[in-house]
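Presented below is the structure to which this report refers.
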Amino acid sequence: MSSSFTESTVEEAVLDWVARLDYFVVHGPEIAPEESTGQRESYGDVVLLTRLREALARINPQIPAEARDEALRRVTRTETPNLLENNRRFHRMLVEGVDVAYPADGRTVHDKVWLMDFAAPDNNEWLAVNQFTVIEGRHNRRPDVVLFVNGLPLVVIELKNLADENATTRKAFDQLQTYKLQLPTLMTYNVCLVASDGMTARIGTLTGGWDRFMPWRTTDGRDVAPPGRPELDVLIQGVFERSRFLDLIQHFIVFEVDAGTIIKKMAGYHQFHAVNKAVACTLKAVSPQGDRRVGVVWHTQGSGKSLTMVFYAGKIIRHPQMQNPTLVVINDRNDLDDQLFSTFAGCSELLRQKPVQAENRDAVQELLQVASGGVVFTTLQKFAPDPGQTYPKLSDRRNIVVIADEAHRSQYGHHAKATKTGEISYGFSKHLRDALPFASYLGFTGTPIELGDKSTKGVFGDYIDVYDISRAVEDGATVRIYYEGRLAKLALTESERPKIDSDFEEITEGD
């Protein structure tokens, strides 16, 4: 390693990369309080108020200035002593807008002030500041690079010198933890954190431990950077390109509360791109020309499949072409139904509604005979008809999406079979389609099958995205799972088999 390779070299590279993404670059000392630029009155100011005020006027020209100023005050006012709760409240304002009320034509108008323009990325101001000094209490800290959108400090990037064997990406992560403790005002506005030594790079959230900081290995979701390639430039380009970053903020961050503890989770690159592919496939499947087979998301155990399903649900619900769809989440076991329902229920803010779990067959029929909307959980067995009967049609709407968890199981039996007593029988999946004949079907699985008339692809359509065991191991997403040779049992073509290390025996089981 060249002795000229220093931390400042990495910092300069980051600034160059974000400049290529059309961020305006400013050096921290240029906007220091003593420079009298009007951007910071003190080193305690972490929001660039002039820039935020200008952005609010640009994005919300129909809102009176007084109401915009009230929104600005709410954004910059800390309401609790809890950093994570403040961060959660800020994120809600960032994604859902700030509620305001103002008089107009003799009445009170209730409206929203938007902090960002999600529909028009160029209508926002994108800024990168290096060596951004912040003084809070007795602590004087200087994060290496802070990315601002509309004056809001959304990203903190901490860098270490690759030439120094003691200055690792882990050390950069540790420094970010120090900022959490010592600079809570700055971290209130944080969307994500990045740690890097210039070669390896990891991204995570305020609540993520080191094991939850992950690489981002693709820029566009098509080509995955091979292991050994410098990771920082891929991460910068893959996450912070304007449209992708806005998408990440709006659709791919959730806050879960576990025993009173707030856990902030953000999609990994495989989840982000799989969901966007699945949304595109859904729009095609539900169209009048579509065959209602959305496809299969094949993600191995340990890859966060349940959360991928949540991100998909949150995004497809909001898509204007879906016109307030109904989502039906199917499992074939009560315990799996309960687990997945619990995950969705914990992410109701992203879904903009509370999911409902059907307790019995009558509840299923009641919940699905609606004009629009809803996230309904049920087991496949609740679609069993009365003996000798055909299951009744519940809806002929096309904007219903059935999401099958563990889609390789129980999703077959569409064709009649004779029992030993001579009776004709079908699988539960056929009854589901009798109930919802124009619904579209999306499958999630870690182990698709292709055995005779039991074909996961045959039922749901082509593979939308594949995240196999070897990729999970490379990413550190999968640490230990007991490999039982399940893949060897699958009748798949060589091109469809995930490439795995046959010597790897301990990998993570479950999500």
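The values are calculated or read from the model by the stated rules, or taken from the named source; none is laboratory data. As the structure is a prediction and not an experimental result, all values here were calculated from the model. We place every Cβ from the backbone using ideal geometry, glycine too, and count neighbours over all the protein chains shown. Heads up: the accessible areas ignore ligands, DNA and RNA and are worked out on the full protein's heavy atoms, side chains in. Shrake-Rupley method; radii C 1.70, N 1.55, O 1.52, S 1.80 Å.
Values as computed for the structure displayed
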read-out: Unsatisfied cross-links (Cα-Cα over 21 Å) in the set 315/354; 180/265; 180/315; 277/354; 315/457; value: 180/315; 277/354; 315/457
read-out: Electrostatic dipole magnitude of the chain [Cβ: Lys, Arg +1; Asp, Glu -1; Cα centre; debye, to 20]; value: 1360 debye
read-out: At R0 = 51 Å, FRET efficiency that the Cβ-Cβ distance of residue 107 and residue 474 yields, to 0.05; value: 0.30
read-out: Dipole axis of segment 73-126 (+1 Lys, Arg; -1 Asp, Glu on Cβ), positive-most option in 120, 86, 97; value: 86
read-out: Residue 354 versus residue 455: modelled label distance in nm, points set 7 Å from Cα along the beta carbon direction; value: 4.4 nm
read-out: Gained length - residue 77 relative to residue 345, 0.36 nm times residue gap less alpha-carbon distance; value: 93.6 nm
read-out: Ordering of 185-194, 64-73, 328-337 by packing [mean C-beta count within 10 Å, highest first]; value: 185-194, 328-337, 64-73
read-out: For residue 42, solvent-accessible area (1.4 Å; no DNA, RNA or ligand), Å²; value: 50 Å²
read-out: Positive dipole terminus of segment 264-387, leading residue within 285, 348, 364 (C-beta point charges); value: 285
read-out: CD proxy at 222 nm, helix term only [per DSSP H run n ≥ 4: -39500 (n - 2.57); per residue of the chain; nearest 500]; value: -9500 deg cm²/dmol
read-out: Share antiparallel - DSSP beta bridges, segment 103-258, percent rounded to 5; value: 80 percent
read-out: Unit charges on C-beta of K, R, D, E only; dipole of segment 220-272, Debye; value: 40 debye
read-out: Beta bridges per DSSP with both ends in the chain, % antiparallel, nearest 5; value: 50 percent
read-out: Separation of alpha-carbon centers, segment 216-254 and segment 149-185, rounded to whole Å; value: 19 Å
read-out: Nearest-ten-degree value, helix 169-182 long axis tilted from longest Cα axis of the chain; value: 70 degrees
read-out: Charge-dipole axis of the chain as Lys and Arg at +1 and Asp and Glu at -1 on Cβ define it, positive-most pick from 50, 435, 253; value: 435
read-out: FRET efficiency, residue 49 to residue 259 (Cβ-Cβ, R0 51 Å, nearest 0.05); value: 0.85
read-out: Segment residue 366-residue 138, extension gain: residue separation times 0.36 nm, minus the distance between their alpha carbons; value: 76.1 nm
read-out: Gained length - residue 389 relative to residue 37, 0.36 nm times residue gap less alpha-carbon distance; value: 119.0 nm
read-out: Förster radius 51 Å - calculated FRET efficiency between residue 283 and residue 178 (Cβ-Cβ, nearest 0.05); value: 0.70
read-out: Solvent-accessible ranking of 96, 35, largest area first, probe 1.4 Å; value: 35, 96
